[in-house]
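Taking it in order: structure first as structure tokens, then the write-up.
The values are calculated or read from the model by the stated rules, or taken from the named source; none is laboratory data. Keep in mind the model is a prediction, meaning the values are calculated, not measured. Here the Cβ is made from the backbone with ideal geometry for all residues, glycine too, and neighbour counts use every protein chain on show.
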Amino acid sequence: MHILSVVMLWSLLLVSSALAQTRSIADLANYRGADREEVLKAGAKKEGKLVWYTSLTAHRDIANVFEAKYPGIKVETYRAGSTDLTRRILSEAQARRNLADLVETTPPTLMVMRENKLLLPYFSPYLVKYRADAKEEAGKDTVLWATDRESIISLGYNKNIVGAADVPKSFADLVNPKHKGKLGVSGDSTGVRFLGAVIQAKGEEFVKQLAPLEMKMHMISGGAIHELMATGEMPMSVSIFRNHVLAGQAKGAPTEWVPLDLNATNAGGVALPAASNNPHAALLLADFLLSPEGQKIFEEKFRFATSTKDYGFKRWYPEKGKTIEQYEKSDDRWKKLLREITRK
């Protein structure tokens, strides 16, 4: 019986290996067999590596865990901001020199890839755990991308300066005149997306009520805004990332984060390029990022939110359901309004 079991297992591995060699990328991306992980591992070990394009700062930490889990599969990472990543991907596509096997980045880049038909729909057994708005569905339980990490924007405050009883808990609380001159906002996309959430929840007319607060705009990132708040240079800000506060608290920062009516979310999504050169390894990494194990790393080590959990407040993806052109028009409008209601 032992010998028979060994023979049967060896036969299964041989069949899986043969399938891994003959299956097209599209078929492989849609593969749902019980031996999916074995098929991907066998193919990935033959490929030996994958090239991962991402805007994730902690990319190497995650790649190291993946490499330890799957010995013999190397992850070559290229990390850049969304704009630079988009430019590189489009340039490579135009030259027909596609290098990225897997892409993990924010929706604007993924939307450009979608509209240029540079993505391939894929299946993952973990997709069923993800909210509908966290997936760019492509039909038949496949996606063009799925959100593996969330940085949620809302109000933050310094606990040494602002008492808990005085902290706004809603957009209606926020416009109370007592908050005049106490609020800061990032002039980059963080503040712009916050304003988009206000408009989405309360309408554009409500935005006029924010003007008397004399929010001070700082042309720095949301992360830098949190640092100013932590040092006491501003009492409160409406452009604070939840994960920055959680990471800061672990280091002793006196800051707190409060969800409001609707909370704009910066998302990172996992996508499979249509021209992936190492699709087995790419899909194996995609499954890892979307798995409970990968999500635990994102949530516990890097303090991102996960799309598989309900935290008790409403999250909103500003790009969801829009084309690039539609989103850029909205973004331009929000920027204009933000300038109008703030002071420099």
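Data for the structure
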| read-out | value |
| --- | --- |
| Residue match in the range 311-330 (condition: among the hydrophobic types (A, V, I, L, M, F, W, C), in a loop (DSSP other than H, G, I, E, B) and either at pLDDT 95 or above or not assigned by TED's automatic domain parsing to the domain that holds Pro108 (or both)) | yes |
| Breaking point among (1) part of a loop (DSSP other than H, G, I, E, B); (2) within 26 Å of Ala100 (Cβ to Cβ); (3) hydrophobic (A, V, I, L, M, F, W, C), for Ala286 | (1) |
| Filter result for the condition that a residue is within 26 Å of Arg343 (Cα to Cα) and buried (at least 16 other Cβ atoms within 10 Å of the Cβ), over Lys135, Lys178, Lys208, Lys202 | Lys202 |
| Long-range neighbours under 9 Å by Cβ, at least six apart or interchain, first residue assigned to a helix (DSSP H, G or I) within the range 83-96, second surrounded by fewer than 10 Cβ atoms within 10 Å (Cβ to Cβ) | Ser91/Arg97 |
| Of the criteria (1) of a type in the set (Asp, Glu); (2) at pLDDT 95 or above; (3) farther than 30 Å from Glu38 by Cβ, which one Asp188 fails | (2) |
| Where Leu284 falls short, out of the listed (1) within 22 Å of Glu104 (Cβ to Cβ); (2) aliphatic (A, V, I, L, M); (3) not assigned by TED's automatic domain parsing to the domain that holds Ala132 | (3) |
| Matching residues in the range 223-255 - criterion: being more than 26 Å from Ala134 (Cα to Cα) and touching a Leu at 6+ places or on another chain (Cβ under 9 Å) | Met234, Pro235, Met236, Ser237 |
